[in-house]
Every structure is written in C-alpha cells, then in structure tokens.
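Below is one structure, written out as structure tokens; comments come after it.
The values are calculated or read from the model by the stated rules, or taken from the named source; none is laboratory data. Worth saying up front: this structure is predicted, and the values here are computed from it rather than measured. No Cβ is skipped: glycine too gets one built from the backbone with ideal geometry, and neighbour counts run over all protein chains shown. Surface areas here come from the heavy atoms of the whole protein model, side chains and all, with no ligands, DNA or RNA. Shrake-Rupley method; radii C 1.70, N 1.55, O 1.52, S 1.80 Å.
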Amino acid sequence: RAPETTLSRTLTHFDPKNNSRARAAQSWYEQSGEGGGVQDRPVFTPSTSEILFRAAYLCTVFLPLIVTSIIALGSSLFRRIAWYPMVNWTLARGGAAWIKWAQWASTRPDMFPQALCAQLAKLQSDAPSHSYSHTRREVALSFGAPIELVFSAFNRQPIASGSIAQVHQAVWKNQTVAVKVRHPRVAERITTDFQIMQAVATWLDRNPLFKWLNLASSIEAFSHTMTGQTWLDIEANHLAIFNHNFRGWKDCGFPQPLVSTESVLIESFESGQLVSDFTGADIFSDPTPPAPPPPPRAKSRRPHRAGGASASDHPLAAPDASFITSALPRPDLPMELAHFIVTRGEDLYLKMLIGDGLMHADLHPGNILINYSPTRGIVDAKIVLVDAGMVAKLRPEEQRNFVGLLEAIGEGDGREAAQHLLLFSSSQTCVSAAQQAAFTKDMDDYFRLNCHGYGTNVDLGSVLRGVLDLVRRHGVRVDVNYATLVMNALCLDGMAKVLLPGYNVLDGGKALLRAHRRWKNAPGGSLAIKLALPFAQRSKRLHDARMSQFLERLSKARQRAEAIAAEVTTR
C-alpha cells in the first residue's frame with residue numbers, strides 16, 4: 001500500500017482542547033456496537049496452508065500437555081505440582097493469542113481452578129518486543145514519512161511491551177509523547193490462532209476426559225474481549241471517551257490521544273510510578289486461609305446512615321496494639337499516598353460502573369500510574385489509567401445486575417445475590433428449577449457464614465472468590481462483561497489490602513451503592529441515579545476523610561511506639 005493512501009485514509013488527529021472529538025467518538029462507539037466498528041474493518045482470512053502450518057507447530061508445542069492431561073485428570077497433586085506449570089510453559093510458547101488467553105483466563109476463577117489461575121497469572125509479565133526496523137517501517141507507512149522527519153527525537157528501546165504492541169518514548173511537535181507500535185503480523189496471527197483454538201476447544205469439550213476444563217465457553221467469551229484490541233485507532237477512541245467522561249476530575253485521568261492509525265498510536269506521555277511497584281506480589285492470590293468468620297448476628301433495627309458504619313460497628317473502633325501494624329501501610333509508603341490511591345481508585349471504578357457504563361477492562365495495578373511528589377504531598381497527586389485497548393461497554397441491565405450483586409453483598413443477602421448471578425448470562429446454563437434452587441441455597445448458606453453486610457468488616461475479595469467457586473461448581477454461566485467487572489473489583493480489593501489494609505472497600509462504597517439501591521426503581525430511574533450520585537459521592541468523601549483521620553491517629557501511635565522501642569534499645 002502506498003504511504004500517501006495510508007496517510008489520507010487512516011491518520012486521525014485528536015484535539016485535547018476540543019470536546020467535540022470525544023463526543024464524536026462516543027457516538028461512533030455506541031453506533032458501531034461492542035468493539036467499536038470492528039465489523040466494518042477488512043477481515044483477514046488465513047489460507048488453508050497457513051492454518052495447517054500453524055496447527056502443526058502448535059501440535060508440537062501442545063503434545064506433551066495433552067499426553068499428560070490423563071494423569072492430571074486423576075491426580076490433583078500432579079495437577080498442582082507439574083501440570084499447571086506445564087500449561088504456563090506451553091501457552092507462553094504458543095504466541096500472542098495464547099499468552100493473551102492465559103492472561104485473561106487467570107482472571108476467571110469461576111471457570112478454572114484457582115491454582116491454575118495463579119500459574120497463568122505469571123504470564124502477565126513483559127512480552128517479547130519487536131525490532132526497531134519494524135517500528136521504523138510502521139511509522140513510515142502510517143505517516144508517509146521517515147521516522148526522523150515525524151519525530152525530533154525517538155528512543156529506539158521500548159519502555160514497555162505487551163502481547164499486542166510496544167511503547168517508545170519520543171518528542172513530537174515539541175512535546176514528549178508515548179508512541180505505541182503494533183507488533184508485526186499480530187492481527188493475522190491472532191485471527192489464525194483463534195480459529196484453531198475454537199476448533200480444538202469444541203472438540204475437547206465433547207471428550208469426557210477434557211470436559212472439566214470448560215474450554216469452548218471460555219474461548220468464546222475471550223474472543224469477544226479481544227475484539228478490536230489489535231486496532232490502535234480504536235484504543236485512541238476509547239481514550240477520547242474516557243477523557244471526556246472524566247473531564248472534571250483534576251486528580252484522575254487517562255493519556256490524551258494525539259494521532260492514531262490502526263497500527264500506531266501517539267498519546268501524551270504520562271510520568272509517574274506504576275502502582276504495581278507498591279503492590280509487589282500478585283494481588284489476586286489468597287495464600288493464607290481466611291480467618292474464621294464471626295458468628296451471625298441479628299440484623300440491627302436502627303436506621304442505616306450514609307457514609308459508613310457507626311463507630312461501634314467499625315472493626316477499627318477500639319484497636320489494640322497488635323492491630324495498629326496490620327491496619328497501616330508499610331512504613332516506607334506514606335499513609336496519605338496509600339489512602340489517595342485506594343480511595344480514588346474506588347471512586348474511578350464506581351463512576352465507570354454506576355455513572356458511565358463504560359469500564360476499563362484491564363484495571364490492574366500494572367495499568368495504574370501515580371504521579372506523586374513527597375514534598376508536595378497529595379496536593380498535586382494524580383492517578384492515570386493506561387492501556388485502554390480493552391473496554392467493557394455495559395448495557396443498562398448489566399449495570400443493574402452487577403451493582404445489584406454488590407448491593408446484596410453489602411446487605412448480607414445471599415438469596416438476592418444468587419438471583420442477580422443467574423442473570424449474568426443471556427444464555428444461562430443453570431436453567432432448571434432444581435439447579436437454581438440448589439445454587440440459591442448454597443449461596444444463602446455461604447452468606448450466613450461469611451458475609452454479614454456493611455459494618456461487619458466483610459472481606460469483599462474473599463466473598464467474591466467464594467461466590468465464583470459456587471458459580472463454577474453449579475455451572476452458572478457468566479458473560480464476559482460481568483467477568484470484567486468481577487475482576488476489576490478483585491483488583492481494587494486486592495490493591496486496598498496491600499496498600500491500606502485498614503480500609504474496607506465495601507464500606508467505602510456504601511453511600512453510592514445505597515443511593516443506587518434507593519433510586520433505581522424510581523420513575524426515571526437512570527436520571528434519578530445520576531442526580532443522586534453527586535450527593536452520594538460527597539458522602540463517600542466524608543467517610544474517606546474520617547477513615548483518613550483515624551488511620552493518621554494509628555500512624556502516630558505506631559511512630560510513638562517505635563520511638564519508645566528505640567529509646568529502650570539504646571538504654
């Protein structure tokens with residue numbers, strides 16, 4: 001293709017000062033359906049020889065895994081020690097689609113055992129990068145000019161690389177920018193691999209030896225999640241929409257898209273530190289068994305107050321010395337920074353969920369940047385979400401059902417939670433009255449033991465994992481958007497546990513969840529909710545401020561204890 005044709009056909013400019021571009025992107029996105037107009041793009045169809053050649057390579061890679069799966073079926077010890085790591089090794093050598101599927105599957109404990117999910121989560125690390133010559137070629141094809149004429153400076157070494165593209169730092173029109181360049185032939189390779197994956201998964205699901213893996217439904221859902229991610233101009237439109245939705249938020253934001261083509265994206269360079277640098281280990285893991293749940297207590301008859309539980313309800317109300325350390329962040333992390341990341345992260349999640357209906361679909365700490373100066377404190381701190389290639393456009397019923405699940409957890413109502421979960425798929429597999437009754441009973445029993453609602457220090461992550469385990473055991477199907485919402489909630493809860501253990505995300509979101517619960521059935525429900533949200537957000541800010549003051553007191557108590565201990569040691 002001629003560079004001139006490519007330039008005139010695909011190059012899209014974004015004006016950060018003009019909101020009309022974001023509104024146009026919003027309209028374009030809604031009219032084109034999920035994935036943003038991918039159905040209008042030219043579809044790559046691999047030839048028979050390409051499929052056969054690729055299939056032969058994959059057979060060689062996957063053969064040891066298939067042979068040993070019979071042993072894995074009969075031995076849980078072999079699965080945990082040898083076979084799950086072998087799955088990790090095999091998928092890593094399968095290519096971009098298989099790595100991406102493994103990354104996604106690691107977030108689906110409702111479909112796969114948690115031990116397998118923990119192994120697959122290791123593939124979240126940096127992917128191989130492509131050569132600089134390919135970067136030069138893609139830039140020249142997209143801009144119709146050599147890279148030296150397009151950029152006044154360009155770092156040859158990528159600063160990050162994923163399964164779809166890699167990112168370079170550059171200078172464009174006198175400003176530092178991030179340049180995202182798609183890997184060579186990644187779109188064609190993913191299309192070919194998905195055809196092979198779907199065919200193999202369908203065959204394996206018919207075989208009793210492999211039916212327990214539930215592969216076909218997971219790959220079907222994953223293919224929808226991946227739709228359009230290889231088109232970087234679609235990611236640019238996602239960024240435009242997110243920036244429009246959060247235009248009034250000075251301390252939260254997204255990179256500003258500047259110029260995009262299907263294979264190159266230029267966006268504003270966002271400085272800062274990844275939150276994953278603070279969280280360290282995998283936040284999805286649950287290595288220690290949860291503490292025994294408190295005995296069920298009678299529901300209080302007193303009216304609930306917005307903004308959190310009363311002081312007598314809160315688990316931090318009368319802390320002992322041993323609790324101070326467990327409730328605070330580690331000493332090298334400023335308490336105000338930990339509080340800012342967790343509370344504003346929850347604000348972002350709830351706004352996307354309740355207010356916008358457009359969710360960043362990969363909301364883990366590796367995609368969250370924090371810009372913070374120790375000398376200035378949180379006055380100029382800012383959270384930036386990056387990598388918006390995958391998003392979930394929520395239908396109104398999806399918003400109602402998932403927020404309804406969170407509300408049921410907040411109220412400690414297992415039966416209500418089961419009713420919402422059974423609506424998590426348009427083609428539900430748990431359909432008979434007996435199946436649904438058994439699932440509802442198990443959910444009710446689980447909540448009686450483990451989830452007693454707001455003000456009882458509910459461990460949201462542990463409850464969601466328990467719910468997903470029941471979903472998997474009862475064969476309740478969960479569509480991809482709901483899985484995205486669950487995973488983001490797990491990310492938020494895990495991040496809070498690592499950064500600020502004394503903050504309970506369920507109690508933090510109580511004001512917004514209660515406002516949604518109160519107004520969702522009112523006349524003009526969606527409008528009533530939008531009008532009520534600012535008041536609920538203010539109530540949440542008051543709750544967060546009270547929690548911050550409490551944790552500050554704990555922090556000072558820890559400092560006094562450390563000073564006394566140091567003085568005793570010197571004596």
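Among the protein heavy atoms, those of Lys382 account for about 70 Å² of accessible surface (1.4 Å probe, every chain in place).
For the residue pairs Lys497/Lys520; Lys497/Lys530; Lys351/Lys393; Lys441/Lys510; Lys100/Lys122; Lys382/Lys556, alpha carbon separations beyond 19 Å are given by Lys497/Lys520; Lys497/Lys530; Lys441/Lys510; Lys382/Lys556.
Dividing the mean sequence gap of close Cα pairs (under 8 Å, 6+ apart) by how many residues region 377-456 holds gives a relative contact order of 33 percent. For the set Arg185, Arg54, solvent exposure ranked by accessible area (probe 1.4 Å, protein chains only) runs largest to smallest as Arg185, Arg54. Take the Cα of Asp469, go 7 Å toward its beta carbon, and the backbone nitrogen atoms of region 420-448 under 13 Å from that spot belong to 443, 446-447. Computed from backbone phi with θ = phi - 60° and the Karplus coefficients 6.51, -1.76 and 1.60, the 3J(HN,Hα) list for region 381-392 is 5, 8, 9, 10, 9, 10, 6, 9, x, 10, 10, 10 Hz; x is used for glycine and proline.
The label-point distance for Val171 and Arg137, in a model that sets each label 7 Å from Cα toward Cβ, rounds to 2.9 nm. The alpha carbon centroids of region 536-571 and region 456-528 are separated by 28 Å. This model, with +1 at the C-beta of Lys and Arg and -1 at the C-beta of Asp and Glu, gives region 416-529 a dipole about its Cα centre of some 200 debye.
Taken about its Cα centre, region 336-494 carries a charge dipole of roughly 240 debye when the Cβ of each Lys and Arg holds +1 and the Cβ of each Asp and Glu holds -1. The candidates Leu353, Leu123, arranged from most to least accessible area with a 1.4 Å probe in the full protein assembly, appear as Leu123, Leu353.
Here region 494-571 is treated with +1 on each Lys and Arg Cβ and -1 on each Asp and Glu Cβ, and its dipole about the Cα centre works out to around 360 debye.
Heavy-atom accessible area for Thr202, with the other protein chains in place and a 1.4 Å probe, reaches approximately 50 Å². Multiplying the residue separation of Lys441 and Ala82 by 0.36 nm and subtracting their alpha-carbon distance yields 125.7 nm. Approximating the spin labels as points 7 Å out from Cα along Cα→Cβ, the Glu567-to-Thr191 distance works out to 7.4 nm. Across region 322-462, the mean sequence separation of Cα contacts (distance under 8 Å, 6 or more residues apart), normalised by length, yields a relative contact order of 18 percent. Equivalent-ellipsoid semi-axes for region 133-184 (Cα gyration tensor, √(5λ), whole Å, largest first): 17, 14, 8.
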